[in-house]
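See structure below.
The values are calculated or read from the model by the stated rules, or taken from the named source; none is laboratory data. Quantities reported herein were computed from a predicted structural model and do not represent experimental measurements. FYI the Cβ positions are ideal-geometry reconstructions off the backbone, even for glycines, and counts take in every protein chain you see. Accessible surface is based on the protein model in full, side chains and every heavy atom, while ligands, DNA and RNA are left aside. Shrake-Rupley method; radii C 1.70, N 1.55, O 1.52, S 1.80 Å.
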Amino acid sequence: MKPRQPTLGELLTDSASGLSYRVLEPQSAKPAKCLILLHGVGGNETNLVDLASGLEPDTLVVFARGPLHMGPQQFAWFRVAFTASGPRIVPEEAERSRTTLIAFVQQLQARHGIQAANTVIAGFSQGGILSASVALSAPESVAGFAALSGRILPELEPQLASKQRLSNLKAFIGHGTQDSKLPVDWAHRSDALLNALGVDHQLRLYPMDHGISAAMHADFLAWLAALG
């Protein structure tokens with residue numbers, strides 16, 4: 001099959017979770033895998049289209065939109081203020097988005113007949129935060145997660161699954177060493193936590209600010225392909 005050109009479908013709304021989303025259909029008649037991509041704060045579901053470039057053609061790609069409306073075509077998963085002492089979030093909103101996304105993932109899997117073992121959730125910045133939150137609290141729902149210039153919320157600790165439940169989970173942490181929004185220390189904290197939880201993962205650092213570089217994209221695709 002020829003590499004597909006990422007072209008998003010129309011905006012849909014999931015009746016169970018209420019989330020809006022767009023999809024990139026696989027070239028095959030029935031998808032074998034599902035990749036759910038989550039945008040950052042102030043973005044929208046179209047921001048991560050380029051991440052779909054290079055994916056295997058049997059992958060259904062779902063671009064979810066955050067439930068909080070911040071402005072014209074600007075959405076978020078929870079509100080956050082960046083202060084001198086670090087980011088301060090609205091934890092109730094983060095928790096609501098976590099549980100909503102777990103339900104959303106399960107609905108997608110049931111609708112398309114895709115197993116959790118063939119499902120990955122990933123995102124940029126705040127989207128990476130929610131990807132980690134979903135996977136680390138409900139590891140039976142996905143095979144792995146990727147946090148691209150994101151972090152793992154300390155507030156997630158009460159919801160963390162046991163080491164036994166997390167034993168099959170895979171993770172990818174990509175971060176810029178010059179990140180001015182979420183300093184690289186957050187990546188090292190994620191690395192330490194995943195080590196403590198026994199989660200098989202990769203940590204990749206890049207000489208860049210807050211974003212997704214070509215090198216990070218390539219490493220993410222390689223990690224994803226290695227999941228099988």
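Could you tell me the relative contact order of the range 1-130? Use alpha-carbon pairs under 8 Å, at least six residues apart, and round to a whole percent.
The normalised contact order for the range 1-130 reaches 30 percent.
Just to compare against my own numbers: the Cα pair-distance distribution for the range 62-181, 10 Å bins, whole % per bin, please.
Reading the bins upward from 0: 13, 45, 34, 8, 1.
Quick one: divide the alpha-carbon radius of gyration of the chain by 2.2 N^0.38 Å and tell me what you get.
Expressed relative to 2.2 N^0.38 Å, the Cα Rg reads 0.93.
Name the aspartates and glutamates eligible as straight-distance cross-link partners of LYS181: C-alpha to C-alpha under 14 Å, and not fewer than 8 places from it in the same chain.
Correct list for LYS181: ASP209.
Assign one of three labels to the range 87-157, namely rounded, prolate or oblate, based on the Cα gyration tensor with a ≥ b ≥ c the square roots of its eigenvalues; rounded applies when a/c is under 1.5, prolate when it is not and a/b is larger than b/c, and oblate otherwise.
Taking the square roots of the gyration eigenvalues as a ≥ b ≥ c, the range 87-157 is prolate.
Hey, which aspartates and glutamates would be in cross-link range of LYS163, C-alpha to C-alpha under 20 Å, not counting anything within fewer than 8 residues on its own chain?
Excluding near neighbours in sequence, the set is GLU140, GLU155, ASP191, ASP200.
Averaged per residue, what accessible surface does the range 119-213 expose to a 1.4 Å probe, in Å²?
37 Å²
Put +1 on the Cβ of every Lys and Arg and -1 on every Asp and Glu Cβ in the range 1-90; which of GLN74, GLN27, VAL49 then has its Cα farthest towards the positive end of the dipole?
GLN74
From the square roots a ≥ b ≥ c of the eigenvalues of the alpha-carbon gyration tensor of the range 123-228, which class results: rounded (a/c under 1.5), prolate (a/b over b/c), or oblate?
Oblate, since a/c reaches 1.5 and b/c is not below a/b.
Please list 3J(HN,Hα) in residue order for the range 44-53, calculated via the Karplus relation 6.51 cos²θ - 1.76 cosθ + 1.60 where θ = phi - 60°; whole Hz, with x for glycine and proline.
Ordered by residue, 3J(HN,Hα) equals 8, 5, 8, 5, 9, 4, 4, 5, 6, 5 Hz.
Rounded, prolate or oblate: which fits the range 20-115, taking a ≥ b ≥ c as square roots of the Cα gyration tensor eigenvalues, rounded meaning a/c under 1.5, else prolate when a/b beats b/c?
Verdict is prolate for the range 20-115.
Got the relative contact order for the chain handy, in percent, Cα pairs under 8 Å and 6 or more residues apart?
So the answer I get is 15 percent.
Within the accessible area of the range 1-111, what % is carbon and sulfur when the probe is 1.4 Å and the other protein chains stay in place?
51 percent
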